[in-house]
Amino acid sequence: DGPIISIRGLEVAARSRHGMLRPLRGIDLDLPRAATTGLVGESGCGKSMTARALLNITPSPMRITAGSIVLDDGKTPPVDLAALDPDGAPMRAIRGRRLAMIFQEPMTAFSPVHTIGNQIAEMLLIHEKLGKRAAKERSIEMLELVGMPNPRQHFDAHPFKLSGGMRQRAMIAMALACKPDVLVADEPTTALDVTIQAQILELLQRLQQELGMTVLLITHDLGVVARTTRRVAVMYLGEVVEETTTEALFDAPRHPYTQGLLGSVPRLGSRRGKRERLPAMRGSVPPALAELPGCAFHPRCPKAVAGLCDVVKPRMAEVAPGHRARCLLYPEVLAASVALEAA
Ligand code: SF4
Ligand code: MG
């Protein structure tokens, strides 16, 4: 059973007064069906842009300039989302219905002037062509599913009347109203206090399992990754630099960037304990304008080899079964990268 989403060579760019901005520089990423995949990295590495590109909602003037995003739900013919017009009917039918997204701040998803319930029902009227009464009943069921204590009463509440945690639940209800195959969650708990964060993560995990959903969970919190994901991709400067099972990432990270991120995190046994944020790395992420020869991480990499890492661009290659990395220290990567340069 192949992945439900398969991203290859995805690039997002925009022309600016100062040159080309290239927030995504060739993303390769698979989302296995009915599982949670984590996407981690420092802020500015392109995590949110990847999420937006996946739904084909890159903020103007950014647009997809290369690559493919194949959605294969196993029921209908595979479709390349990157090839669809972002504003066209086919993409709009997929968005919300087969792919949905939740954000850090629910107020960006809700209109302040309408009730929570009417906004969820509106989604169902548009996408599912339900009648008014059926849409209302389904909306109330959704509010119940996400653990709203009084769904009928909350149906008539305006978003600003709810607490942060309840608003987050309501946004999840709206995102899941049309039973999407894939849910993209961009830092969904970052703005919440610790207790509420844990509740929302538990809710997402329960819904993922009950509904057999595929989830892409974007976070800068390694504790969240450890507890909720099956596979993880690590991003650096618009590229995925490592991708493997959550177990393998924490046990034996291969890329020096990942090793740096994990450096101050407790080992496997204490994974469930303390929450760890991404520790500060040496130096800072270069701006999206920078065009570096060789490995994008070489100015910050403690293992960089002069004359190699600043010259040859590493390609992603399998360095252990089911474990891919983009670092020239691995013979598999070096062979793939040099072969590609020569071609
Ligand atoms: Fe570091 Fe070189 Fe590997 Fe890049 S390719 S991560 S600079 S060792
Ligand atoms: Mg972000």
Gyration tensor (alpha-carbon) shape descriptor, region 187-248, a/c threshold 1.5: oblate
Inter-site label distance for Gln259 and Asp310 at 7 Å from Cα along Cβ, in nm: 2.0
log₁₀ of I(q)/I(0) at q = 0.20, 0.27 Å⁻¹ - region 174-217, Debye sum with one point per alpha carbon: -0.64, -1.03
Region 73-124 and region 1-60: distance between their alpha carbon centers, rounded to Å: 17
Extension gain from Ala335 to Glu144, taking 0.36 nm per residue of separation minus the Cα-Cα distance: 63.4 nm
Ranked list, fewest to most other Cβ atoms within 10 Å of each Cβ, for Cys327, Cys301: Cys301, Cys327
Stokes-Einstein D for the chain, Kirkwood Rh over Cα pairs, 37 °C, 0.692 mPa s (µm²/s): 156
Cα gyration tensor category, rounded, prolate or oblate, for region 1-55 with a/c compared to 1.5: prolate
Residues of region 1-45 with amide N under 17 Å of a point placed 7 Å along Cα→Cβ from Gln209: 34-37
Selection from Ser139, Pro253, Leu24, by position along the positive dipole direction of the chain (Cβ): Ser139
For Gly26, residues with placed amide H under 5 Å, excluding near neighbours: Leu10, Glu11, Val12
Size-normalised alpha-carbon gyration radius of region 42-149, reference 2.2 N^0.38 Å: 1.23
Inter-part distance where region 199-220 and region 125-159 are each reduced to a Cα centre, Å: 20
Unit charges at the beta carbon, dipole of region 185-244: most positive-side option, Val241, Pro188, Gln208: Gln208
Exposure proxy ranking, count of Cβ atoms within 10 Å, fewest first, for Val225, Val194: Val194, Val225
Distance between modelled label sites at Lys303 and Ala83, nm, 7 Å Cα→Cβ extension: 3.8
Net dipole in debye of region 292-343 [+1 Lys, Arg Cβ; -1 Asp, Glu Cβ; about Cα centre; nearest 20]: 160
FRET E, pair Ala134, Arg8, Förster distance 35 Å, beta-carbon r, rounded to 0.05: 0.30
Neighbour-count ranking [beta-carbon atoms within 10 angstrom, fewest first] of His298, His323: His323, His298
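Since every read-out is calculated from the coordinates, none of them should be taken as a lab result. As the structure is a prediction and not an experimental result, all values here were calculated from the model. Methodologically, a virtual Cβ is constructed for each residue, glycine included, from the backbone with ideal geometry; neighbour enumeration extends over all protein chains shown.
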